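The structure appears below as structure tokens.
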Amino acid sequence: MGGYSADEKLRLQQLRVLRRRWLRDQELSEREPVLPPRRPGPVAAFWERFLQPGSLWRHQVFRLYRAGVFTVTRLLLPSWLALYYVKYHV
């Protein structure tokens, strides 16, 4: 006596259909979840505005960073190396 009986086959098929329906229902629609709007605090609101692409502050900070990198790599390090060489080797 191998295999399932007709009742067992029907039950397994119904369970399979229910599992698939349950998995399909797990996908959220565009309206889910309905959460209340988030109100950030003053510091979080500042950083959200500050970090938006194209903001003036981002451009200013980036320009300051680039100027600092230029100053250190093209002016300070070479002048320090030249001063060190002149002071200790000449």
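The values are calculated or read from the model by the stated rules, or taken from the named source; none is laboratory data. All of these numbers come straight from a predicted model, not from anything done at the bench. Glycine gets a Cβ as well: all are built from the backbone with ideal geometry, and neighbour counts include every protein chain shown. Calculation scope for accessible area: heavy atoms of the full protein, side chains included, ligands and nucleic acids excluded. Shrake-Rupley method; radii C 1.70, N 1.55, O 1.52, S 1.80 Å.
Some observations on this one:
- For the range 1-63, GluC sites (Glu not before Pro) meeting the loop criterion (DSSP other than H, G, I, E, B) and having at most 13 other Cβ atoms within 10 Å: GLU27, GLU30.
- Look at the dipole of the chain built from charges on Cβ: of GLY41, THR71, SER29, the Cα furthest out on the positive end belongs to THR71.
- For the range 40-89, dividing the convex hull volume of the Cα atoms by the residue count gives 80 Å³ per residue.
- Percent breakdown of C-alpha pair distances by 10 Å bin, ordered from the shortest bin, for the chain: 12, 14, 14, 12, 12, 11, 10, 8, 5, 2, 0
- For the chain, carbon and sulfur atoms together expose 62% of the accessible surface, with a 1.4 angstrom probe and every protein chain in place.
- Probe 1.4 Å, accessible area per residue of the chain, Å²: 104 Å²
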